[in-house]
Amino acid sequence: MRKALRWLLALVVLIGTVGTAGAATAAQPEATDIKDRLLAVPGMSLIEEKPYPGYRFFVLNYTQPVDHHHPSKGTFQQRITVLHKDVSRPTVFYTGGYNVSTTPSRREPTQIVDGNQVSMEYRFFTPSRPDPADWSKLDIWQAASDQHRIYRALKPVYTENWISTGGSKGGMTATYYERFYPRDMDGVVAYVAPNDVVNKEDSAYDRFFATVGTAECRDRLNGVQREALVRREPLKNRYAAYAADNGYTFDTVGSLDRAYEAVVLDYVWGFWQYSTLKDCDSIPADAPNASDEEIWDSVDTISGFSAYTDQGLSTYTPYYYQAGTQLGAPTIRFPHIEKEYIRYGYQPPRNYVPRSIPMRFQPSAMRDIDTWVRHNARHMLFVYGGNDPWGAEPFRLGPGARDSYVFTAPGMNHGANVAGLVPEQKALATARILQWAGVASPAVQQDPSAARPLAAFDARLDRRTAEREPALRP
């Protein structure tokens, strides 16, 4: 009996000790330095911190499951950045859909709401690639689940409203994230996001190229593109020398000839994606009488002869994989070029991915996204450029959408933004972003025309132009 009492007393003391220790731990003040708070998140580690006036900027790694369906089957390190303003400010969640920049930058919604910005590197873009790489785990749901886990991990630190955003493939990514996790974000701002619902039906692009800009500009571009194919043999010799000088190879696409035609066929698309009507003055006006040098320089400046080399393609393998499995890819006609000059046409994404990586297209993926947006969009803003070919197949809103908008900035390219909208739409878009972020003043809530970005424009920090990628990549 005495032994039992001693055992019971010891147990009570042990429980009391554990309880006291727990209480002592809970009573300790939480870390107030933002770096300490970020690094206290399980799975978060610091790569580097870079200074920027008025902010703190962190490059971090976050441990993610390779497969969110089966988290126990391996992890990888996903790179993210945090541009920290203040935990009392809203947070913008950005991805470009490709690699993340490790240089401090601020996206337009971040400037508008004067907030923090979390930026995510898309899975499978190096170094955020599992090793070994199981490419079947690169899909839009897995990527959306990456964002969901990052949001859940950082929401206790950044407790105010969150808005997701991205441009081009990043705009697509923000849309897919909203479709799969519609309760995470308070708003979505998707810039120049293509919506290729039916991969085999691309006539909208043909209609776009028949009317974009002016007849004079279209004629100049079409003339150079055609002439580059008419002069295929002499310009290919130059291409071969260029490749040899730079150590470029063509194993993935199959041949230098295929790569040459792919670059040339990107030319007109690439111009409208990254240039504006005023840039037509730089295009040779009389292509048949232009020198080989002029034709080469114009095509190289706009399309880039390195784009379809093995070295140029390798960075974008994850994009081409997704284009060939879920996202779809455009195919257009070239009525201004005689058939004998075109050997391959627009080549499918399969041609730009190493054959060792299996691919199978899933036609239901984009139909599902499109249907969801039409019927379920809430607090979503889509911004397109009037002269951007990727806007030829945009997202559209149906009767089920609420407090959502599709706006087009006249004359703008793939860098279209809220600032480029017509005044009434610009004011409304700015007001809605402020409202979704929880920082709209009473004056703005009453009158959207009073809406202005809350942070001053910073030429070093704010991005106002499209990030240049090789043509035919959104």
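The values are calculated or read from the model by the stated rules, or taken from the named source; none is laboratory data. Note that the structure is predicted; figures quoted are calculated from it, not measured. Note that each Cβ is placed from the backbone with ideal geometry, even for glycine, and that neighbours are counted across all protein chains shown. To get the accessible areas, we keep the full protein, side chains included, count just its heavy atoms, and leave off ligands, DNA and RNA. Shrake-Rupley method; radii C 1.70, N 1.55, O 1.52, S 1.80 Å.
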Within straight cross-link reach of LYS50, meaning Cα distance under 20 Å, which lysines are found once same-chain residues fewer than 8 apart are removed?
-> LYS35, LYS85
Residue-normalised accessible area of segment 161-289, given per residue in Å² at a 1.4 Å probe = 37
Give the Rg (one decimal place) followed by the Dmax (whole number) of segment 236-318, computed from C-alpha coordinates and expressed in Å.
-> 13.5, 41
Could you tell me whether segment 93-209 comes out rounded, prolate or oblate from its Cα gyration tensor? Rule is a ≥ b ≥ c as square roots of the eigenvalues, rounded for a/c under 1.5, then prolate if a/b exceeds b/c, otherwise oblate.
-> oblate
Compute the acute angle (0 to 90°) between the alpha-carbon long axis of helix 2-27 and the principal axis of greatest extent of the alpha-carbon atoms of the chain; round to the nearest 10°.
-> 40
Can you pull a Stokes-Einstein diffusion coefficient for segment 177-315 at 4 °C (1.567 mPa s), Rh from Kirkwood over Cα pairs, as a whole number of µm²/s?
-> 75
Segments 414-426, 102-114, 195-207 sorted - mean Cβ within 10 Å per residue, highest first = 102-114, 414-426, 195-207
How large is ³J(HN,Hα), in whole Hz, for each residue of segment 188-200 in order, when computed from phi with the Karplus curve 6.51 cos²θ - 1.76 cosθ + 1.60 and θ = phi - 60°, using x for Gly and Pro?
-> 9, 10, 10, 9, 6, 8, x, 9, 8, 5, 10, 4, 8
Of every hundred units of 1.4 Å-probe accessible area on the chain, the number belonging to carbon and sulfur atoms, as a percent, is 53
Throw me the Rg/Rh for segment 346-474, computed over C-alpha atoms with Kirkwood Rh, two decimals.
-> 1.05
Full-stretch length increase - ARG232, ALA443 - with 0.36 nm per residue and alpha-carbon distance subtracted | 69.8 nm
Hey, what's the Kirkwood Rh for the chain if you take every pair of different alpha carbons, in angstrom?
-> 24.3
Any idea what the relative contact order of the chain is, in percent, if you count C-alpha pairs under 8 Å spaced at least 6 apart?
-> 17
Could you provide, to the nearest whole Å², the per residue accessible area of segment 371-467 with probe 1.4 Å?
-> 46
